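Before anything else, here's the structure in question.
The values are calculated or read from the model by the stated rules, or taken from the named source; none is laboratory data. Worth saying up front: this structure is predicted, and the values here are computed from it rather than measured. So basically every Cβ, Gly included, is an ideal-geometry build from the backbone, and we count neighbours across all protein chains shown. When the accessible area is computed, the model is the full protein with side chains, heavy atoms only, and any ligands, DNA or RNA have been set aside. Shrake-Rupley method; radii C 1.70, N 1.55, O 1.52, S 1.80 Å.
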Amino acid sequence: MKRLHLYFVLQVCVLVGSQTTFLDSPENRQLLRQLRTFFLRAFGNMGSERSFSSTRNIKIQDEVPPNVPFPCNVTGGRSTEVPESVHRLRPGDIDVIAAMGDSLTAGAGVFSNNLLETVVENRGAAATIGGQGTWRTFLTLPNMIKEFNPNLIGYSFGNSLHFHEASQLNAAEIGAMSEDMPFMAKYLVNKIKSNPRIDVKKHWKLITLMIGSNNFCMQLCSMPSPWSLLKAHEEDMVRTLRILRDNLPRTFVALIPPPHLKALVDTRNGRNFIDCYFTTTIECPCLFGLQYRDRLQEYYEIMRRWQELDEQIAEYSEFHTKDFTVEAELALKHAFIPLARDGFADLSYLAGDCFHISQKTNALYANIVWNNLLEPYGNKSKAWTPPYERILCPTPERPFLMTRQNSWKNNKLR
């Protein structure tokens, strides 16, 4: 009970801290920062490496042996001259990588086996922005790109909070919602422009953006009309993308629709654990609270529409210029928790709170995002497969990160 009580206190602090009125106070901001720093120092040594004990942690991906080569030929993976068009961008042309989002992008509890360990943000192993280790130990998007460009800037390493140096250009924040994205975009722009290693006008930048889970968990059941979230989200995203477009030339934005959380709700069916029951209810009351179960089908439809809305926003012509594009990557659209041998959800794919995802799932997520970047518009993978089972590579016929424009040939999709 003591362990659960500590976790509950942390969650309350996080939820309160996510409210603008609370953070309007400099004193409260400092208090929250000190609290989170305390937890990181207290528990940050739990799970920052590949295992917690002499036995292999089943929540961590299998390591690729040294004798297995990188699956892609990196020759030609970087242009001989810096490309002028975002539609002729090779993986190795990415000089800067950054990320925006919530606790999933912040790497909350990636290595956790219990509740205490979920308070640690293992940003170095987060799917789209972690750069700890290599692709052999932690399959992440930056670790893949580093094989083409070892001088990549911006990826996170180790355990850190967003204001720590090790976080680098990972602007994600626990508790973040759609309405926080314009502010986060400004924060990221300032961080990129103030980095002496980055030439904003010369360097090509890849920014991943995924948001929505906290809106689903905390707002669907608290709004007079939950459908109004869709219009508000559209306005938030347009503002956010305009900030990035107007301040960061040579930028490729990978807009990733958030996972549909029905897959998470379904993990409660059958086998239950007391920690899972209480933590999922605290972290996601709108979907796990019993008082809202008669509205779940409505909430599921809103989540589906949110995913489609992200795809539609990526189509807006104002976000497609010669040196800026927004492309929807569908890696999480049909995400699910694989089943164990007993037919129930395999909890090795979840963090210690049964809400966030483990490192093994981050590896799977990174794998499909990488594939999405190399797949043409209209033919993006949505199916989840084990890490390393299917890794796409640039080819002479299709060497570029795929955009709507370069996916067309003779007025037909490739």
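Tally up the carbon and sulfur contribution to the accessible surface of the stretch 71-132 as a whole percent, 1.4 Å probe, everything protein left in place. Working shown, then result.
Details: 700 of 1630 Å².
Carbon plus sulfur share of accessible area: 43 percent.
Continuing with this model, one more query. Given the Cα atoms of the stretch 155-202, and with Rh set as the inverse mean 1/r over their pairs in the Kirkwood sense, what is Rg to Rh to two decimals? Mind showing how you got there, number by number?
Working: Rg = 11.6 Å, Rh = 11.7 Å.
That ratio is 0.99, to two decimals.
Still on this structure: With no solvent and one point per C-alpha, what does the Debye sum give as log10 I(q)/I(0) for the stretch 335-393 at q = 0.17, 0.23, 0.28 Å⁻¹?
-0.61, -0.92, -1.15
Separate question: I'd like to compare 210-222, 69-81, 351-363, 151-163: which one has the highest average count of other Cβ atoms within 10 Å, and what's the full order after that?
Working: 210-222: 22.3, 69-81: 12.8, 351-363: 25.6, 151-163: 20.7.
Most protected by this proxy first, the peptides run 351-363, 210-222, 151-163, 69-81.
Looking at the calculated P(r) for the stretch 66-138, what percent of the C-alpha pair distances fall above 16 Å? Could you put the intermediate results ahead of the total?
Numbers: 1691 of 2628 pairs.
Percentage above 16 Å: 64.
With N set to the number of residues, divide the alpha-carbon radius of gyration of the stretch 297-350 by 2.2 N^0.38 Å and report two decimals.
1.66
Rounded if a/c is under 1.5, else prolate if a/b beats b/c, else oblate: with a ≥ b ≥ c from the C-alpha gyration tensor eigenvalues square-rooted, which is the stretch 113-202? Numbers along the way, then the final one.
Details: a/c = 2.06, a/b = 1.07, b/c = 1.93.
Oblate.
Can I ask one more? Each residue of the stretch 345-362 in order: what ³J(HN,Hα) in whole Hz does its phi give by Karplus 6.51 cos²θ - 1.76 cosθ + 1.60, θ = phi - 60°, with x for Gly and Pro?
4, 7, 6, 5, 8, 10, 6, x, 9, 6, 10, 7, 10, 7, 5, 4, 6, 4
Here is a follow-up. Cβ neighbours within 10 Å, averaged per peptide: list 171-178, 193-200, 320-327 in order, most packed at the top. Mind showing how you got there, number by number?
Numbers: 171-178: 24.4, 193-200: 12.0, 320-327: 19.1.
Descending mean neighbour count gives 171-178, 320-327, 193-200.
When Rg is the radius of gyration of the Cα atoms in the stretch 193-263 and Rh is its Kirkwood radius, what does Rg/Rh come to? Each step should come with its number before you reach the end.
Values: Rg = 15.9 Å, Rh = 14.4 Å.
Result for the stretch 193-263 is an Rg/Rh of 1.10.
Assuming 1.306 mPa s and 10 °C, estimate D for the stretch 54-106 with Stokes-Einstein, Rh taken as the Kirkwood radius over Cα pairs, in µm²/s.
Numbers: Rh = 15.3 Å.
Answer from the Stokes-Einstein relation: 104 µm²/s.
For the stretch 145-247, what is the accessible area per residue in Å², given a 1.4 Å probe and the full set of protein chains? Don't skip to the end; give the middle numbers.
Numbers: 4080 Å² over 103 residues.
Value for the stretch 145-247: 40 Å² per residue.
Could I ask something else about it? With bins 10 Å wide starting at 0, give me the P(r) of the stretch 299-414 over every alpha carbon pair, in whole percents.
12, 35, 33, 15, 4, 0
Which aspartates and glutamates have a Cα lying under 12 Å from the Cα of residue 186, excluding residues fewer than 8 positions away in the same chain?
246
When the accessible area of the stretch 224-323 is split by element with a 1.4 Å probe, what percent falls to carbon and sulfur? Intermediate results must be reported in sequence, preceding the final value.
Values: 2350 of 4510 Å².
C and S fraction of accessible area: 52 percent.
Continuing with the same structure: May I ask for log10 I(q)/I(0) of the stretch 161-289 at q = 0.09, 0.20, 0.22 Å⁻¹, from a Debye sum over the Cα atoms as equal point scatterers with solvent left out?
Log10 I(q)/I(0), no solvent term: -0.35, -1.16, -1.29.
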